[in-house]
Amino acid sequence: LISCASSEECRESVSVNLTAGIYKVNNTTTTSLTVDSVWLNGLAKDSFLLKNKKTVKMLYMPLNPAGFISTYQVRFNNITDTITVFYTTNNAYFISLACGCIATQQIDEIITSTNFIDSVQIINRDVTNQNAENIRIFHN
């Protein structure tokens, strides 16, 4: 049989997540922070992305490709915060016939409550399938 498309499997990630590292600030030093228990869900969503996940250093949050705002509720140990992400682009990016397309975004602004979270820093505005850290969440 002859075909136009290769029967190759998809070898590239098709998951696009905003990646957030968790850090602790002591005077002038910043170190990675491991949180004992994390619950993460999208606001107005029934299911959890993380449910009492242990030893968490990074959060992976999918952004809504049909919108320009995504809000999450995060419980660090027993302290709850909200994280709202504003983004302007939902660019369709074709990977391959086997993988299909993904939607990538660019972060404009992040607003959080400040119960556990002290501040947030945008490190990389481009949210893609490359698993690169986009934001840093600081706790002190």
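The values are calculated or read from the model by the stated rules, or taken from the named source; none is laboratory data. Everything numeric here is computed off the predicted structure, so don't read it as measured data. Using ideal geometry, Cβ is built from the backbone for each residue, glycine included, and neighbour counts are taken over all protein chains shown. In case anyone asks, the SASA skips ligands and DNA or RNA and just uses the protein heavy atoms, side chains included. Shrake-Rupley method; radii C 1.70, N 1.55, O 1.52, S 1.80 Å.
Each row is one residue, and each column tells you yes or no for (1) in a strand (DSSP E or B); (2) within 13 Å of Thr19 (Cα to Cα); (3) touching a Gly at 6+ places or on another chain (Cβ under 9 Å).
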site	(1), (2), (3)
Leu59	yes, yes, yes
Pro65	no, no, no
Val74	yes, no, no
Thr88	yes, no, no
Glu133	no, yes, yes
Given the criterion under 21 Å from Phe138 (Cα atoms), loosely packed, with under 13 Cβ neighbours inside 10 Å, among the polar types (S, T, N, Q) and in contact (Cβ under 8 Å) with a residue 60 or more places away in the chain, identify the matching residue among Asn26, Asn52, Asn17.
Asn26
State whether the residues of the range 96-113 include one that is assigned to a loop (DSSP other than H, G, I, E, B), in contact with a strand residue (DSSP E or B) (Cβ under 9 Å, 6 or more places away or on another chain), under 28 Å from Asn52 (Cα atoms) and modelled with pLDDT of 95 or more.
yes
Go through the range 114-130 and report how many residues are closer than 22 Å to Phe76 by Cα and outside any strand (DSSP E or B).
6
When Thr71 is evaluated against the numbered criteria (1) open to solvent by less than 80 Å² (accessible area, probe 1.4 Å); (2) over 13 Å from the mean Cα position of the chain (by Cα); (3) among the polar types (S, T, N, Q), which criterion, by number, is the only one it fails?
(2)
I'm checking my understanding of the structure. Among residues of the range 114-131 that are modelled with pLDDT under 95 and open to solvent by less than 70 Å² (accessible area, probe 1.4 Å), which one is farthest from Ala66 (Cα to Cα)?
Asn129
Just checking, how many residues over the range 35-50 are modelled with pLDDT under 95 and farther than 16 Å from Thr82 by Cβ?
2
Scan of the range 87-105 for residues that are surrounded by 15 or more Cβ atoms within 10 Å (Cβ to Cβ) and without any contact (Cβ under 8 Å) to a residue 60 or more places away in the chain, ordered by number
Tyr87, Asn90
Mind checking whether some residue in the range 53-65 is more than 29 Å from Cys99 (Cβ to Cβ) and more than 14 Å from the chain's Cα centre (by Cα)?
yes
